[in-house]
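Comments concern the structure below.
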Amino acid sequence: LAQFPGRLASVVRDPTDGRLWEADHVVEVLHGGGQAGVTNYQPLCVACHQLKTSSNHTRQRQLRASSFREKHVPTHIPA
């Protein structure tokens, strides 16, 4: 949170529910973590949770694009 001074100032100024931390799924819901129970949660500051979620979404987009290329782009071009 310290690397986001604006967010830190906002939390200090107005410490309301949902502004400091959020419950994060250790194993992503996409990978079955939604059914894992409370042991699959970890508290993360809001900024860290946003960074982790963004990173996970970027990785998923890259995997989908890679999978698409493997299925639809020819590996060689006939002469």
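Coordinate-derived values only; no laboratory data. Just so you know, these numbers come straight off a predicted model, no measurement behind them.
At a glance:
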{"read-out": "Extension reserve of the Ser55-Phe68 stretch, reckoned as 0.36 nm per residue once the Cα distance is removed", "value": "2.7 nm"}
{"read-out": "Computed [θ] at 222 nm, deg cm²/dmol, the chain (DSSP H ≥ 4; -39,500 (n - 2.57); rounded to nearest 500)", "value": "-15500 deg cm²/dmol"}
{"read-out": "Pair-distance profile P(r), taking every C-alpha pair of the chain, with 5 angstrom steps and integer %", "value": "3, 13, 15, 16, 13, 11, 9, 6, 5, 4, 2, 1, 1, 0"}
{"read-out": "Computed over the chain: relative contact order in percent, which uses C-alpha pairs under 8 Å that are six or more apart", "value": "26 percent"}
